[in-house]
Amino acid sequence: MPEILLDNSIDELKEIVAGLGQPSFRAGQIMKWLYCGAEFDDMTNLPADLRTVLSCGYVAQPLVIQEHYESSDGSVKFLYRYSDGNIIEGVYMPHSYGNTLCVSTQAGCRMGCSFCASGIGGLVRNLTAGEIVAQVVAVNKFFGGSVTDRKISNLVLMGSGEPLDNYDNVTKFLRLITDKNTFNIGMRSISLSTCGIVENIRKLADDGYGVTLSLSLHATTDETRRELMPIANKYGLGEVIDAVKYYFEKTGRRVIFEYALVKGRNMSFFDCKRLRELTRGYPCHVNLIRLNYVKEKGMAGCTEAEAQRFCKKLEEMNVSATIRRSFGNDIGGACGQLRRSYIAKR
Ligand code: SAH
């Protein structure tokens with residue numbers, strides 16, 4: 001299998017070009033081309049023989065946009081196809097504060113959350129750092145952007161996969177995409193969502209990444225959380241909350257809790273009270289999510305009015321909370337469903 005050139009940092013590219021007997025400025029040229037979405041044939045300021053040598057050992061762009069679906073709200077869903085045939089999805093969302101791309105970190109997922117479509121077929125494989133970068137590159141190019149003219153300002157690691165179950169590739173992705181030689185996206189403009197792998201939350205804090213941490217809480221008791229998310233059998237709520245407090249202490253970043261509202265499971269008055277206790281004494285915010293219906297899972301969400309009532313109760317208890325804006329309802333296929341329906345169609 002040829003290697004993925006996008007997996008390399010600028011220093012690693014310098015080593016590669018040196019090994020090919022080329023001056024080190026070639027590394028910068030190649031980096032620019034790669035982040036513009038170019039293939040080797042497009043890299044016209046490189047000597048032809050260098051392009052030939054590179055194309056024998058490496059792939060420039062490890063994915064293509066297989067399909068895309070545009071919503072009337074301005075969001076666009078993408079299905080990417082990787083060189084090995086794996087299909088992954090992503091969503092582009094225009095916000096008033098900037099354009100956000102939701103990226104995937106694994107093909108499939110092994111966390112098995114009870115409401116989530118991404119985990120239905122289990123984990124297929126981890127994505128490499130360059131394969132995650134390639135999602136951003138492809139969508140930026142789709143909107144006519146280049147490495148200097150970025151069309152994406154924010155990233156959320158909330159696509160398929162558990163980012164902290166693919167720690168080394170995901171953190172390398174963070175280093176690559178924030179590099180001034182590439183897209184120079186600020187760590188503060190990136191949110192990483194995790195089901196709560198405690199030791200890697202602590203490691204992320206210790207390693208100094210400083211992204212916004214989103215913690216998939218979804219329940220206020222260990223019992224309910226274990227029913228919804230198998231990972232809760234490994235880490236209790238106490239440990240998870242300690243880890244996010246540690247993250248705040250180390251990075252100074254306010255923590256976001258994701259809380260998918262599931263009728264009859266996590267929406268009682270007592271849940272509000274417990275949420276207040278869990279979020280007391282450190283800067284954090286609760287993002288309420290109206291469950292997207294996944295037919296294989298058959299779990300009931302709630303109405304907009306019920307979500308608003310729950311949100312209001314939290315506000316009355318002085319818990320900072322909002323309902324997450326939902327994008328792309330008219331193009332369907334939320335949270336891993338697009339990929340599943342595409343694969344089923346084939
Ligand atoms: N593995 C990461 C990223 C998952 S996707 C994590 O667990 O945080 C981002 C968010 O969407 C998570 O909070 C996840 O629990 C939530 N989610 C998954 N399926 C959903 C569904 N059907 N409806 C609403 N939210 C869902």
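The values are calculated or read from the model by the stated rules, or taken from the named source; none is laboratory data. It should be emphasised that the depicted structure is a prediction, and the values quoted were computed from it without experimental measurement. Reconstructed Cβ throughout: ideal geometry from the backbone, glycine too, with neighbour counts over all protein chains shown.
Quick look at the values:
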{"read-out": "Residue in region 181-189 that is within 10 Å of the ligand (Cβ to nearest atom) and crowded, with 22+ Cβ neighbours inside 10 Å present", "value": "no"}
{"read-out": "Answer from Gly238, Gly328, Gly281, Gly264 - the residue that is closer than 21 Å to Gly119 by Cβ and away from the ligand (no atom under 11 Å from the Cβ)", "value": "Gly328"}
{"read-out": "Those residues of region 91-145 which are away from the ligand (no atom under 15 Å from the Cβ), within 11 Å of Asn166 (Cβ to Cβ) and part of a loop (DSSP other than H, G, I, E, B), in sequence order", "value": "Thr128"}
{"read-out": "Residue that is surrounded by the fewest Cβ atoms within 10 Å (Cβ to Cβ), among those in region 50-95 that are among the aromatic types (Phe, Trp, Tyr) and within 21 Å of Gly144 (Cβ to Cβ)", "value": "Tyr69"}
{"read-out": "Cβ pairs under 8 Å, 6+ apart, first in region 294-315 and on the phi < 0 side of the Ramachandran plot and touching a residue at least 60 places away in the same chain (Cβ under 8 Å), second assigned to a loop (DSSP other than H, G, I, E, B) and of a type in the set (S, T, N, Q)", "value": "Lys297/Ser114; Met299/Ser114"}
{"read-out": "Any chance Gln106 is of a type outside the set (Val, Ile, Thr), surrounded by 21 or more Cβ atoms within 10 Å (Cβ to Cβ) and touching a Leu at 6+ places or on another chain (Cβ under 7 Å)", "value": "yes"}
{"read-out": "Test result for Asn200, polar (S, T, N, Q), farther than 24 Å from Asn292 by Cβ, touching a residue at least 12 places away in the same chain (Cβ under 8 Å) and in a loop (DSSP other than H, G, I, E, B)", "value": "no"}
{"read-out": "Residues (more than 13 Å from the ligand (Cβ to nearest atom) and either touching a residue at least 60 places away in the same chain (Cβ under 8 Å) or under 19 Å from Val91 (Cβ atoms) (or both)) located in region 156-180", "value": "Asn169, Lys172, Phe173, Arg175, Leu176, Ile177, Asp179"}
{"read-out": "Some residue of region 256-263 being basic (Lys, Arg) and modelled with pLDDT of 95 or more", "value": "no"}
{"read-out": "Qualifying positions in region 69-80 - more than 17 Å from the chain's Cα centre (by Cα) and either assigned to a loop (DSSP other than H, G, I, E, B) or of a type in the set (D, E, K, R) (or both)", "value": "Glu70, Ser71, Ser72, Asp73, Gly74"}
{"read-out": "The one condition in (1) surrounded by fewer than 23 Cβ atoms within 10 Å (Cβ to Cβ); (2) under 17 Å from the mean Cα position of the chain (by Cα); (3) not small (Gly, Ala, Ser) that Asp149 fails to fulfil", "value": "(2)"}
{"read-out": "Tally, over region 1-42, of residues that are loosely packed, with under 14 Cβ neighbours inside 10 Å, closer than 26 Å to Asp84 by Cα and modelled with pLDDT of 95 or more", "value": "4"}
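This table checks each residue for (1) under 27 Å from Cys102 (Cα atoms); (2) at pLDDT 90 or above.
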position	(1), (2)
Lys273	no, yes
Asn287	yes, yes
Ala300	yes, no
Glu315	no, yes
Thr322	yes, yes
Asp330	yes, no
Ala344	yes, no
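Matching residues to (1) in contact with a helix residue (DSSP H, G or I) (Cβ under 7 Å, 6 or more places away or on another chain); (2) charged (D, E, K, R):
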position: Val156; (1), (2): no, no
position: Leu164; (1), (2): yes, no
position: Asp168; (1), (2): no, yes
position: Thr171; (1), (2): no, no
